[in-house]
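Below you'll find the structure I mean.
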Amino acid sequence: MVVTLSKPSIRLLATDIDGTLLNPQFQISPGDLDALQRAHVAGVEIVLVTGRRHQFALPIARQLGFDLWLISSNGAVTRSLAGETFHRDLMPRETCRRLCGEMQEFRGNTVLTFDKETRGAIVLEHLDELSASIRRWLEKNLEYIEFVIPIEQALVTDPVQAMFCGSTARMKQALQALERAGMDGLVTVLRTEYPERDLSMIDVLTAGCSKGHALERWAAYRGFRREEVMAIGDNHNDVEMLEFAGHPVIMGNACEELRGRGWTVTLGNDQCGVAAALEEIVGQSKEVVGR
């Protein structure tokens with residue numbers, strides 16, 4: 001069906017980056033950029049909430065043209081565009097050490113990230129078992145990558161997270177292995193999938209860490225009620241963020257898990273879906289597709 005949002009009193013907008021703010025060409029479409037800038041001028045606070053590392057999200061954030069905060073690494077780090085840190089949820093190194101041991105057969109799919117902006121921010125043993133899609137991401141981050149064998153030797157400080165990445169089939173096996181590992185209560189497991197690229201990423205963070213938890217913390221700090229928060233996302237790792245927001249919106253290209261929950265559905269990321277979701281906020285009259 002088609003619904004028109006009744007001028008919601010939105011004070012905080014949280015938007016995902018990949019698959020949401022970025023179009024299929026991995027760029028911010030002019031229409032989405034214009035809508036976000038107009039929302040900012042109208043007094044709506046914008047926060048980017050992403051699975052990317054803070055440093056890797058910065059080039060996207062800077063394109064918006066105004067100061068803002070980023071919730072990165074699926075909620076593990078909340079930091080301003082200027083580099084001021086509000087909160088970090090790091091994984092205890094001993095928990096990560098146990099995780100690496102339990103996931104021994106997926107060692108070639110394992111990537112550790114650390115909260116620093118020098119070589120060693122991204123650590124892995126080798127590239128051999130990583131898919132072509134994730135290898136392109138690694139090549140863009142080459143200056144931050146360090147190869148360490150065994151990977152546990154990199155755990156001299158607490159990491160931000162561990163990530164397992166590969167084909168959809170391979171990561172289905174990894175999820176099953178994680179379930180057998182018996183680490184419930186120690187870690188949070190989040191999943192991001194791009195079936196058209198046969199790419200799946202499993203992010204393992206410290207217990208309780210998620211985009212939703214971080215957004216709830218930030219909203220409370222800023223004095224915003226849930227009813228004043230809109231969140232826009234497209235993938236499995238956005239669920240907690242969307243559940244928290246009083247106005248959850250999913251992209252037209254959203255994964256199947258997000259559908260059927262009664263959440264508003266906007267246009268796809270190839271049709272300026274973020275701008276369509278923001279029309280009422282920025283004073284336009286266009287309708288938003290919903291279900």
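The values are calculated or read from the model by the stated rules, or taken from the named source; none is laboratory data. Just so we're clear, the structure is a prediction, and the values are computed from it rather than from any experiment. Neighbour counts are summed over all protein chains in view; Cβ atoms, including those assigned to glycine, are modelled from backbone coordinates with ideal geometry. Note: areas computed on protein heavy atoms with side chains; ligands, DNA, RNA excluded. Shrake-Rupley method; radii C 1.70, N 1.55, O 1.52, S 1.80 Å.
Find all pairs meeting these conditions: Cβ atoms under 8 angstrom apart; at least six residues apart or on different chains; first residue within the range 257-283 and open to solvent by less than 50 Å² (accessible area, probe 1.4 Å); second residue in a loop (DSSP other than H, G, I, E, B) and β-branched (Val, Ile, Thr).
GLY273/THR266; VAL274/THR266; ALA276/THR266; ALA277/THR266; GLU280/THR4; ILE281/ILE10; ILE281/VAL44
Still on this structure: So the check is Cβ under 7 Å with 6+ separation or different chains; which pairs have a first residue in the range 189-210 that's in a helix (DSSP H, G or I) and a second one that's polar (S, T, N, Q)?
PRO195/THR168; ARG197/SER133
Which condition breaks for GLN176 when tested against (1) open to solvent by less than 20 Å² (accessible area, probe 1.4 Å); (2) modelled with pLDDT of 95 or more; (3) farther than 15 Å from ARG93 by Cα?
Answer for GLN176: the failing condition is (1).
Rundown of residues vs (1) at pLDDT below 95; (2) more than 11 Å from THR15 (Cα to Cα); (3) assigned to a helix (DSSP H, G or I), yes/no style:
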| residue | (1), (2), (3) |
| --- | --- |
| GLU227 | no, yes, yes |
| ASP238 | no, no, yes |
| GLU243 | no, yes, yes |
| PRO248 | no, no, no |
| GLU257 | yes, yes, yes |
| ASN269 | no, yes, no |
| ALA276 | no, yes, yes |
| GLU279 | yes, yes, no |
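When you go through (1) open to solvent by 10 Å² or more (accessible area, probe 1.4 Å); (2) outside any strand (DSSP E or B) one by one for ARG79, which number turns out not to apply?
Of the numbered conditions (1) open to solvent by 10 Å² or more (accessible area, probe 1.4 Å); (2) outside any strand (DSSP E or B), the odd one out for ARG79 is (2).
Taking the range 203-246, which residues are open to solvent by 10 Å² or more (accessible area, probe 1.4 Å) and among the aromatic types (Phe, Trp, Tyr)?
Scanning the range 203-246 gives TYR221, PHE224, PHE244.
Residue by residue, here is whether (1) open to solvent by 40 Å² or more (accessible area, probe 1.4 Å); (2) under 18 Å from the mean Cα position of the chain (by Cα); (3) of a type in the set (Gly, Ala, Ser) holds:
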| residue | (1), (2), (3) |
| --- | --- |
| SER9 | yes, no, yes |
| LEU13 | no, yes, no |
| LEU21 | no, yes, no |
| GLN27 | yes, yes, no |
| HIS40 | yes, no, no |
| VAL44 | no, no, no |
| VAL47 | no, yes, no |
| GLY51 | no, yes, yes |
| ARG88 | yes, yes, no |
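Next question. Take the range 119-167 and flag every residue that is among the hydrophobic types (A, V, I, L, M, F, W, C), open to solvent by 90 Å² or more (accessible area, probe 1.4 Å) and over 21 Å from the mean Cα position of the chain (by Cα).
Result: PHE147, ILE149, VAL156.
Quick check: anything in the range 197-209 within 24 Å of PHE56 (Cα to Cα), of a type in the set (D, E, K, R) and within 18 Å of the chain's Cα centre (by Cα)?
Checked the range 197-209: at least one residue is within 24 Å of PHE56 (Cα to Cα), of a type in the set (D, E, K, R) and within 18 Å of the chain's Cα centre (by Cα).
Looking at LEU99, is it surrounded by 18 or more Cβ atoms within 10 Å (Cβ to Cβ) and closer than 14 Å to GLN153 by Cα?
So LEU99 fits the description; yes.
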